[in-house]
Amino acid sequence: MERNGSFPVQQWQQYIEKEIGFVLPNEQQQWLINAVSQTASSYTLSLNDLWQKLPTHPELRQQLIDSVLIPESRFFRHLPSIQFITKAAISAEKQSTKSGKKPPFRIWSVGCAAGQEVWSLAMNLAAKNLYNYHILGTDVSQTALAQARKAEYEGRQQHLIPHECQQFIHPMPSFSTDNHVTTGTPLSTEPSRWYVNRVLRDKVDFVWHNIFTKEMPTTHLQQVITCQNMLIYFRQFDQRDILNRLAAQCAVGGYLILAPGEGLSWRPKNMSRVKHVQINGWQKIRA
């Protein structure tokens, strides 16, 4: 068995892949070692005890997964994709106005991490005066989802928000303390943290979901499913199966938006590639 010193790296790599499908590259071995060791230490367990308890302790298993995963995302990470989705929502709004039917425009953000993509979409839609939508954010990390639901972020991320969307974020005041007693006096007008407007939160839900399984987090078909920079962690045959499941959850006429360079070998018969130089996307043409 491959080891890093006395640590059974391959054993734990295989465990993570079996549970959530993620293939951790060798350059992340030290991250894996630290995550496993810290999880064991937090429960005062040896590595062997941790290994033995995982099958029967869901909370322990979830903490390990949360420790291993790197919830990497940022606000407005791929602006062309956000703009494309917004245009699709505008088009759907015009069509529903003509027909008199106004079902919500449904978007599913797969692997939403700490919510940056979800809130970016919500802000951009609201900036265009669109409010008849619902965004579902899913992830396999409970820690990331907790932050996404809280919708509070570090001040340095504020500069990533476009000017027209700044109206949907608000500073969290800092307070001075004296001998550890809060005085209630703001320290600075420059926020160290900020939060997303609560009006947008009514349009968003965050749900735990393991995309490696066949179960879907919702019965609703989606007008847009966006899956950005997540497929790279899966083996090619698992990528194909995941994409097929996502396509099945997409409404006819809806879109599946991937990160540039992802899913290039996928050849679905009921999806047509979007002709857009900046978008790696597919439109569902039939059920």
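Derivation of every value follows stated rules applied to the coordinates shown; laboratory data play no part. Just so it is clear, the structure is predicted and the values come from calculations on it, not from any experiment. FYI the Cβ positions are ideal-geometry reconstructions off the backbone, even for glycines, and counts take in every protein chain you see.
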Answer rounded, prolate or oblate for the chain, using the Cα gyration tensor with square roots of eigenvalues a ≥ b ≥ c: rounded when a/c is under 1.5, else prolate when a/b is larger than b/c, else oblate. oblate
In terms of modelled amide H atoms, which long-range or inter-chain residues lie less than 5 Å from the amide H of VAL204? ILE135
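Fully extended, how many nm does the chain gain between ARG273 and LYS94 (0.36 nm per residue separation, minus their Cα-Cα distance)?
62.1 nm
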Using the Cα centre of the range 9-68 as the reference point, and only Cβ charges (+1 on K/R, -1 on D/E), how large is the resulting charge dipole? Debye, rounded to the nearest 20. 120 debye
Kirkwood Rh for the range 9-68 from C-alpha pairs, in Å, is 11.4 Å
Which one, GLY21, VAL9, THR56, is farthest towards the positive end of the dipole of the range 9-68 when Lys and Arg carry +1 and Asp and Glu -1 on their Cβ? THR56
May I ask you to evaluate 6.51 cos²θ - 1.76 cosθ + 1.60, the Karplus curve with θ = phi - 60°, for each residue of the range 45-50 and list the ³J(HN,Hα) values in order in whole Hz, giving x for glycine and proline? 10, 6, 4, 5, 5, 4
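How high is the relative contact order of the chain? Use alpha-carbon pairs under 8 Å, at least six apart in sequence, and give a whole percent.
Relative contact order for the chain comes out at 16 percent.
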Amide H neighbours of SER141 at under 5 Å, excluding residues fewer than 5 places away on the same chain, with H built from the backbone geometry, are none
In the structure shown, do any of LYS128/LYS214; LYS98/LYS214; LYS102/LYS284; LYS128/LYS275; LYS150/LYS214 have a Cα-Cα gap over 30 Å, and if so which? LYS128/LYS214; LYS98/LYS214
Give me Rg over Rh for the range 115-174, both radii from the alpha carbons and Rh done the Kirkwood way, two decimal places. 0.97
Given the DSSP H assignment, sum -39500 (n - 2.57) over each helix run of at least 4 residues in the chain and divide by its residue total; what's the result at 222 nm in deg cm²/dmol, nearest 500? -11000 deg cm²/dmol
Could you tell me the center-to-center distance, by alpha carbons, between the range 114-164 and the range 23-85 in angstrom? 22 Å
10 Å-binned pair-distance histogram of the range 193-287 (Cα, whole percent): 14, 44, 30, 11, 1
What are the membrane-span-like helices in the chain by this rule: whole DSSP H runs, Cα extent along the axis at least 24 Å, mean Kyte-Doolittle hydropathy at least -1.0? 79-99
